[in-house]
Structure formats: structure tokens, C-alpha cells
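Engineer: Below you will find the structure I want to go over with you.
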Amino acid sequence: VLANLAPPELQAARRQPRRVGRRPSLVVASGTKAHKQAWIEELAPALAELLGGHPELELHLLGHLQLPLVLQFHADRIRCYSFSDYTTYLQRLGEADIGLVALEPGLYTDAKSAIRWMEFSYLGLASVLSPTQTYTECLEDGVHARFARGIDSWVQSVEQLLADPRGTRAMAGRAQSRAK
């Protein structure tokens, strides 16, 4: 089994992790129409709670994601970008501070690669991820990323990153070293 190699576009887009600023932003990206259950039932309600508690927080949605009703109240702080070419996609990912990947549990998701985490890491973002087998085999919780399952866990994990900008930047740096 060979892990993903970073494509040239991703290597060229690599940047140093930066400290989470006063207007932090989260990003969720989906290149497929799969994994909607975790998005609708788990992550979107957690994001609604986070946006409600942090008026400065922004959310970027990339790819095949529709804005569910639970997030409509915060639509003025949510940017939605449709599917794009890879270079534009990387540029938009890199505008955020924290990347989020919500996947349903199961054999299919346990076999998925860690490509999204690798993209986040190369671009200097910290990550909160569903604890799939691939992620838990190659990453340490709290060292390279945070793992979350369930609404409360997503909220708590993101809250921890927002509350500790220096620690979040350090985790993003460790993740980038691991990804490289």
C-alpha cells in the first residue's frame, strides 16, 4: 500500500502555518456527492452552533455541498464555491484556518486515503477529521489533527483549536511535517 504523493500543484501551493486571526475561517470541501449523511446530521448542526457562538467566525464550503437549513441563519458568513479546477480549489482551501472532514463510519470510508488532510496540511491548516481507520493509523489525535464523531465532539474540537491559536499553529506545523 502506497500513501498518496503530493501532486505538483499542491507542492507549489505549500505555505507555512499561520496563527489563527481575529476572523477565523473554517473550510469544508467535497469533490463528490457522497458523505452527505455526516454533513447533514453531524457537521452542519455543529457548525451552526459554532457560528452562533462566534460572531467573527466564517465558513467556506467548496465543491458539491449544499447549504442545509440549519445553517441558513448564518448565510451572511458562509461562502459557497462550486466545483473548480485544482489550482483554484487549493487557493480557496488555503484561505481558511481550519479544515474539516466529516465522513460516515464504515468500510468504504475506512479505506479512503488521507488526501484531504494532506491538502490541508500542505496549505498550513489545522484539521478536525472523522476518525476513519486511515486517519487514525497515520495521525495522532491532538498531535497532527483532532478527531471528532458526533455534534458535541465536533463543536468541542473546533472550540479547542479556536481557543488556542498558538497550539493550533503548532499542530498545523506538525501535520505539515508529517504530510511531507
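Engineer: Check Val158, Val70 and return the single one that is among the aliphatic types (A, V, I, L, M), within 18 Å of Leu50 (Cβ to Cβ) and either open to solvent by 60 Å² or more (accessible area, probe 1.4 Å) or over 12 Å from the mean Cα position of the chain (by Cα) (or both).
Structural biologist: Exactly one residue qualifies, and that residue is Val70.
Engineer: The conditions are (1) assigned to a helix (DSSP H, G or I); (2) open to solvent by less than 40 Å² (accessible area, probe 1.4 Å); (3) in contact with an Asp or Glu (Cβ under 8 Å, 6 or more places away or on another chain), and Leu51 fails exactly one of them. Which is it?
Structural biologist: Of the numbered conditions (1) assigned to a helix (DSSP H, G or I); (2) open to solvent by less than 40 Å² (accessible area, probe 1.4 Å); (3) in contact with an Asp or Glu (Cβ under 8 Å, 6 or more places away or on another chain), the odd one out for Leu51 is (3).
Engineer: Need the failing condition index for Ser153 against (1) farther than 19 Å from Ala44 by Cβ; (2) open to solvent by 20 Å² or more (accessible area, probe 1.4 Å); (3) under 15 Å from the mean Cα position of the chain (by Cα), just the number.
Structural biologist: (1)
Engineer: Taking the stretch 75-119 as the region of interest, how many residues are in contact with a strand residue (DSSP E or B) (Cβ under 7 Å, 6 or more places away or on another chain) and not in a loop (DSSP other than H, G, I, E, B)?
Structural biologist: Residues that pass the stated criteria total 14.
Engineer: For residues in the stretch 135-150 being within 14 Å of Ala175 (Cβ to Cβ) and open to solvent by less than 20 Å² (accessible area, probe 1.4 Å), which is nearest to the chain's Cα centre (by Cα)?
Structural biologist: Across the stretch 135-150, the extreme among qualifying residues is Ala145.
Engineer: When only residues in the stretch 26-47 that are at pLDDT below 90 and charged (D, E, K, R) count, which is surrounded by the fewest Cβ atoms within 10 Å (Cβ to Cβ)?
Structural biologist: Among those residues, the one meeting the criterion is Lys33.
Engineer: For the stretch 73-123, name all the residues that are of a type in the set (S, T, N, Q) and either more than 30 Å from Arg22 (Cβ to Cβ) or in contact (Cβ under 8 Å) with a residue 60 or more places away in the chain (or both).
Structural biologist: Thr87, Gln91, Thr109, Ser113
Engineer: Further question: Looking at the stretch 88-127, which of its residues are closer than 14 Å to Gly31 by Cα, modelled with pLDDT of 85 or more and open to solvent by 20 Å² or more (accessible area, probe 1.4 Å)?
Structural biologist: Thr88, Tyr89, Arg92, Ile115, Arg116
Engineer: With modelled with pLDDT of 85 or more and out of contact with any helix residue (DSSP H, G or I) (no Cβ under 9 Å at 6 or more places or on another chain) as the only criterion, which of Arg15, Arg77, Arg23 stands out?
Structural biologist: Result of the check over Arg15, Arg77, Arg23: Arg23.
Engineer: From (1) closer than 24 Å to Tyr86 by Cβ; (2) in a helix (DSSP H, G or I); (3) open to solvent by 30 Å² or more (accessible area, probe 1.4 Å); (4) without any contact (Cβ under 8 Å) to a residue 40 or more places away in the chain, pick out the condition that doesn't hold for Arg178.
Structural biologist: (4)
Engineer: Answer yes or no: is there a residue in the stretch 157-166 that is under 19 Å from Tyr89 (Cβ atoms) and among the hydroxyl-bearing types (Ser, Thr, Tyr).
Structural biologist: no
Engineer: Test of understanding: among Val128, Val70, Val143, Val155, which residue is farther than 17 Å from Arg23 by Cα and either of a type in the set (D, E, K, R) or assigned to a strand (DSSP E or B) (or both)?
Structural biologist: Answer to the check: Val128.
The values are calculated or read from the model by the stated rules, or taken from the named source; none is laboratory data. Just so you know, these numbers come straight off a predicted model, no measurement behind them. All Cβ positions, glycine included, derive from the backbone under ideal geometry; neighbour counts span all protein chains shown. Keep in mind that these areas ignore ligands, DNA and RNA; they rest on the heavy atoms of the full protein, side chains included. Shrake-Rupley method; radii C 1.70, N 1.55, O 1.52, S 1.80 Å.
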